[in-house]
1. What residue, among those in the stretch 147-176 that are free of Cβ contacts under 8 Å to residues at least 24 places away in the same chain and over 22 Å from Asn107 (Cα atoms), is surrounded by the fewest Cβ atoms within 10 Å (Cβ to Cβ)?
2. Across the stretch 177-191, which residue is surrounded by the fewest Cβ atoms within 10 Å (Cβ to Cβ) among those that are aliphatic (A, V, I, L, M) and farther than 20 Å from Asp93 by Cα?
3. In the list Leu128, Leu74, which residue meets the criterion of being touching a Ser or Thr at 6+ places or on another chain (Cβ under 7 Å) and either assigned to a strand (DSSP E or B) or touching a residue at least 60 places away in the same chain (Cβ under 8 Å) (or both)?
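Please treat every number below as a calculation from the coordinates, not as lab data. Note that the structure is a prediction, hence the values are computed from the model and not measured. FYI the Cβ positions are ideal-geometry reconstructions off the backbone, even for glycines, and counts take in every protein chain you see.
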Amino acid sequence: MYKNKKIKKIFWFYQNSTLPTTNYQLPTSSGFTLIETLVAIGVLLLSITGPLLLAKQGISTSVTVKNQLIASYLAQEGVEYIKNIRDQNFINDNAMSSGLANCFGANKCRIAPFGVGVSSCGATCEVLRKNATDGRYGYPGTWAPTNFTRDITIDNSGLPQEMTVVVEVKWTQGTATKNLVLKETLFQLKD
């Protein structure tokens, strides 16, 4: 069969010798399965989205609180302005409600501390504007419009020596319209 003796010996050696072999196959229990990988990704996503949702809620709450604070300051300014007019009327020996006729009954009025004073605005007052330089609120057309409106009404249907000032500040936040109402009763300073 083999003519060359050398080839015959080599062939015989390969047929009769056993070489030790090692199984290098990885066991299946030591690696990650697809389910384990998906669970790990899910846990990672939950640990990331939780703090992000908290941060979003915190920002939303801070915007709400900021708007409520601005509205309360604007409402208080309205009451203080009407008090100032009452006090000026006392000093000048005028009737308590002198200069406030635009604000009685269903009429709404606006105040412009840096402008014309008290003026009627009909059923609804226009949007307040903000001075970008110093942060004041008012109605000059050159100032930037805000999302706040301030309506002031005065009820003097009670005793002749008192009047009730109602200031309503409205603003939009997202798709909702919010409002803050401040009501204060002012009394005549003299008999």
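1. The selected residue is Thr175.
2. We begin by selecting, within the stretch 177-191, every residue aliphatic (A, V, I, L, M); these are 180-182, 186, 189.
Still in the running and farther than 20 Å from Asp93 by Cα: 180-182.
On the way: Leu180: 19, Val181: 12, Leu182: 18.
In this case the residue turns out to be Val181.
3. Details: Leu74 fails: touching a Ser or Thr at 6+ places or on another chain (Cβ under 7 Å).
Of the residues listed, the single one that is touching a Ser or Thr at 6+ places or on another chain (Cβ under 7 Å) and either assigned to a strand (DSSP E or B) or touching a residue at least 60 places away in the same chain (Cβ under 8 Å) (or both) is Leu128.
Listed here are the residues, each with its yes/no results for (1) within 19 Å of the chain's Cα centre (by Cα); (2) assigned to a strand (DSSP E or B); (3) among the polar types (S, T, N, Q).
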| site | (1), (2), (3) |
| --- | --- |
| Ser119 | no, yes, yes |
| Asn147 | yes, yes, yes |
| Arg150 | no, yes, no |
| Leu159 | no, no, no |
| Val165 | no, yes, no |
| Val169 | yes, yes, no |
| Leu180 | yes, yes, no |
| Thr185 | no, yes, yes |
